[in-house]
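In what follows, a single structure is set out as structure tokens and then discussed.
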Amino acid sequence: MPEMNMAKAINLALHEAMDRDSRVIVMGEDIGPDEGVFRVTEGLWKKHGEKRVIDTPLAESGIVGAAIGMALYGLRPVAEIQFAGFEYYAFHQIEMHAGRYRNRTRGKLTVPMVLRCPSGGGIRAIEHHSESREAIYAHSPGLKVVIPSGPRSARALLHAAIQDPDPVIYYEPKALYRLFKENVPETIETLPIGRAQVIQEGSEITLISYGATVRAMIDAAEILEEEDGVKAEMIDLLSIAPLDTETILNSVRKTGRCVVIHEGPRTCGIGSEVVARINEGALLYLEAPIKRVTGYDVPIPYFAREKAYLPDGDKVVSAAREVLSF
Amino acid sequence: MPRKPIELPMQVEYMSILDDTGEVDKELEPKVEAAQLKDMFRWMLYARRVDERLLKLQRQGRIGTFPQATGHEAISLGSAINLKPDDWHVPAYRELAGFLYRGWTLEGILIYWMGFEEGARPPEGVNDTPIAVPIASQLLHAAGMGMAANIVGDKKVVMTYFGDGATSEGDCHEALNFASVFQAPVIFVCLNNQYAISVPLSKQMHCETIVQRAVAYGMPGIKVDGNDILAVYVATKEAVERARSGGGPTLVECLTYRYTPHTTADDPSRYRSDEETQRWVAKEPLIRFEKYLKNKNVLNDADIKKMDEEIEVRINEAIIAAEEATKKPPLSDPLAMFDYLYADLPQNLQEQREELAKALGLNTSETEPRNAATSARRGA
Ligand SMILES: Cc1ncc(C[n+]2csc(CCOP(=O)(O)OP(=O)(O)O)c2C)c(N)n1
């Protein structure tokens, strides 16, 4: 396969999934002739027509509620919410129905659907278009939440999400859509949901991140290696719910030091849960308090100030140095 | 126990007063003084010129993505002029003419599109909510304001705006129903420009008109030619009078066309033809109003030239002022992101503010959070 960017890789996965499973239905706002506001659904409507690629009315609760209905009926809907900030309109459908049908009906009715959604900041978007609120859904029982960090993980995770028997929220960090290209394998690859990846081994400190801030983590690791001679172990979580406790604990037991990095707000963010699990499973291995480099507890600022809000390599390096020199 | 059609107590109407050739229906023509007519034209022209300049600024990278309002001046202005200053104006995001008319400064509007929340702060004495990006969400606030006006009994009315796509959101239906059930003095102005990004109205709903929903909610409704400022003016004037005298809400559907891409990030050639757009250009609101005013001898080319010159000066000044403002605090200060989250900044946020200051090499002792409530309390 040629190298491709993340938007293209997600598009490829959608094509592959629709080609091989006629139950896969793609639906959302402006995903048909317009091919999605980020062009992620390019070519799908032309190839499969409006029966399987559905431009819906402008109603997020409608999109998610109808997708739940289709899933209950036996289809495999992949619904798009145009921006993560508009998922709130569907929150009751996601939280009270998508996440609960299996449990309420004791396994009889299930909701195998995927909610795709561009998330995060960094593209100078209009107000309310830059949210990272994965923690809300990680907090909701019955949902799975995955977030790729590049083209290859994007394609593999989307296949896993579509094949999953339960509802999966699939966030697409939109700052990564066209940021870089990667080789993706010829044959369809899936990544197991619930498994993190160690993307670099190291022994002195563990850096943990996911999604767009994996770039900040990698930048920081490069600086730490060059300037401090420290080789950081880097974990890309990929799956926010369920969270791969084992990979996290194994690493922290080895390094004794840790920094968690994400873009969403700090309080009750994914970092809080990672720290709690380390506390429960590896407290006595710690050499220093864990630091969190995250978005602040304010709504992500409108674009003039968003750069200051977002974690970057420098912020991660300062935190890592504090932890290393504790 | 027969089976028979149900007689509904309400009907909806369509109204056009000034057609696209500039011909006016003499019976329906409102009596508006020459000076006010000329003033209406001036505001429309101002909004149009601002819109054109915003596009240039966006192309030059001096402001961010924004939605143009070209051709929507008649709807926004023709309705807003029926409000008193202390009535409430609850817009969506294509009401540029209304924002300007209601007293938002152009400098502030520019600051907003330059990416600062400061631009969303209504100027003193302006009873408006800022731009509402989450579609249809503002309509419920308008309904609640109308309910509050009934509770307080101060005879204020609320005018709110939404697009044709917005009619699909639950919030829209809930707002219409609340306003109707509680007979709230709210005028729901639907700016029907026939598209929601790429989705045409025919795919948004399976009924003839938007306005017929008024019947379903039990409120008066009227559809007007939204490129005809006289029709918009008359319909919303009646609705305001009814609302103020206790007659409850009205739905006013204003038909126009989205003359521009959805926002500066959109490419309409993917979903509609250029011919279609061209057909609507001939119907745009400014040309016909100009013809009408010239026929009435209220306006001439020299007037327009003078208006244009004044407008250009005003726009240039505002751009300079806005760009200067962005270089100075509070706009130039990233720590301002913490200033207004709460009336009092909690301890953990003060710590985060200091953490950011440290990361940016700024000195926090020099800048207190600029929250009015906090400083007032500290002072007290
Ligand atoms: C709740 C919500 N969903 C989606 C969007 C993205 N979006 C912005 S404008 C728009 C179309 C709005 O169409 P319409 O209501 O007809 O207004 P218009 O822009 O045509 O004036 C969409 C889908 C949004 N801002 N809010």
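Observations on the model:
- Residues of the stretch B:50-82 satisfying the condition of being within 12 Å of B:Leu100 (Cα to Cα) and not acidic (Asp, Glu): B:Val50, B:Ser76, B:Leu77, B:Ala80, B:Ile81
- Looking at the stretch B:66-183, the helices (runs of 4 or more DSSP H) lying wholly inside it that each contain 2 or more residues that are free of Cβ contacts under 8 Å to residues at least 60 places away in the same chain and either small (Gly, Ala, Ser) or within 11 Å of the ligand (Cβ to nearest atom) (or both) sit at B:137-152, B:170-181.
- Some residue of the stretch A:43-65 being hydroxyl-bearing (Ser, Thr, Tyr), within 16 Å of the ligand (Cβ to nearest atom) and under 20 Å from B:Tyr271 (Cα atoms): yes
- The sole residue among B:Ala282, B:Ala214, B:Ala231 that is among the aliphatic types (A, V, I, L, M) and more than 19 Å from B:Ser79 (Cα to Cα) is B:Ala282.
- Subset of the stretch B:262-292 (residues that are crowded, with 17+ Cβ neighbours inside 10 Å and in contact with a Pro (Cβ under 7 Å, 6 or more places away or on another chain)): B:His262, B:Pro268, B:Tyr271
- Taken residue by residue, the stretch B:234-244 has no member that is within 16 Å of the ligand (Cβ to nearest atom) and either in contact with a strand residue (DSSP E or B) (Cβ under 9 Å, 6 or more places away or on another chain) or touching a residue at least 12 places away in the same chain (Cβ under 8 Å) (or both).
- The listed residue being within 16 Å of the ligand (Cβ to nearest atom), more than 14 Å from every other protein chain (Cβ to nearest Cβ), aliphatic (A, V, I, L, M) and surrounded by 13 or more Cβ atoms within 10 Å (Cβ to Cβ), out of B:Val252, B:Val298: B:Val252
Residues are listed down the side, and each one gets a yes or a no for (1) crowded, with 24+ Cβ neighbours inside 10 Å; (2) more than 30 Å from B:Pro329 (Cβ to Cβ); (3) in the same structural domain as B:Glu309 (by TED's automatic domain parsing):
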| site | (1), (2), (3) |
| --- | --- |
| B:Asp39 | no, yes, yes |
| B:Arg53 | no, no, yes |
| B:Gln58 | no, no, yes |
| B:Ala69 | yes, yes, yes |
| B:Ile81 | no, yes, yes |
| B:Trp88 | no, yes, yes |
| B:Glu107 | no, no, yes |
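- Residues within the stretch A:271-293 that are more than 26 Å from the chain's Cα centre (by Cα) and farther than 15 Å from A:Val259 by Cβ, tallied: 3
- In the stretch A:208-230, the residues that are outside any helix (DSSP H, G or I), hydrophobic (A, V, I, L, M, F, W, C) and within 17 Å of the chain's Cα centre (by Cα): A:Ile208
- Looking across the stretch A:72-98, the residues that are within 14 Å of chain B (Cβ to nearest Cβ) and surrounded by fewer than 21 Cβ atoms within 10 Å (Cβ to Cβ) come down to A:Tyr88, A:Phe91, A:His92.
- Any hit, the stretch B:217-232, residues being out of contact with any Gly (no Cβ under 8 Å at 6 or more places or on another chain), closer than 17 Å to B:Leu83 by Cβ and among the aromatic types (Phe, Trp, Tyr): no
- Candidates A:Leu283, A:Leu324 - the one that is touching a Lys or Arg at 6+ places or on another chain (Cβ under 8 Å) and of a type in the set (A, V, I, L, M): A:Leu324
- Selection status of A:Thr247, at pLDDT 95 or above, outside the structural domain of A:Leu310 (by TED's automatic domain parsing) and out of contact with any Asp or Glu (no Cβ under 8 Å at 6 or more places or on another chain): no
- Of the strands (runs of 3 or more DSSP E) that lie entirely inside the stretch A:234-307, those containing 1 or more residues that are within 14 Å of another protein chain (Cβ to nearest Cβ) and crowded, with 22+ Cβ neighbours inside 10 Å span A:258-265, A:291-295.
- Which listed residue is more than 19 Å from B:Trp43 (Cβ to Cβ), out of contact with any Asp or Glu (no Cβ under 6 Å at 6 or more places or on another chain) and aromatic (Phe, Trp, Tyr), from B:Tyr292, B:Tyr259, B:Tyr217: B:Tyr217
- A:Gly69 being over 22 Å from the mean Cα position of the chain (by Cα), among the small types (Gly, Ala, Ser) and away from every other protein chain (no Cβ under 13 Å): yes
- Selected residue (only one of A:Tyr170, A:Tyr137, A:Tyr101 is buried (at least 21 other Cβ atoms within 10 Å of the Cβ), farther than 17 Å from A:Met6 by Cβ, of a type in the set (Phe, Trp, Tyr) and away from chain B (no Cβ under 14 Å)): A:Tyr137
- Residue check, A:Met1 surrounded by fewer than 17 Cβ atoms within 10 Å (Cβ to Cβ), away from the ligand (no atom under 12 Å from the Cβ) and modelled with pLDDT under 95: yes
- Filtering the stretch B:187-212 to residues that are in contact with a helix residue (DSSP H, G or I) (Cβ under 8 Å, 6 or more places away or on another chain) and either under 26 Å from B:Ile81 (Cβ atoms) or of a type in the set (Val, Ile, Thr) (or both) leaves B:Ile187, B:Phe188, B:Val189, B:Cys190, B:Leu191, B:Asn192, B:Gln194, B:Ile197, B:Val199, B:Ile210.
- Beta carbons closer than 8 Å, at least 6 apart along the sequence or on distinct chains, pair a first residue in the stretch A:90-112 that is assigned by TED's automatic domain parsing to the domain that holds A:Val168 with a second that is hydroxyl-bearing (Ser, Thr, Tyr) and in a loop (DSSP other than H, G, I, E, B) for A:Ile94/A:Ser140; A:Glu95/A:Ser140; A:Gly99/A:Ser140; A:Tyr101/A:Thr110; A:Arg102/A:Thr110.
The values are calculated or read from the model by the stated rules, or taken from the named source; none is laboratory data. Please read all numbers here as calculations on a predicted model, not as lab measurements. Virtual Cβ from ideal backbone geometry, glycine too; neighbours counted across all protein chains shown.
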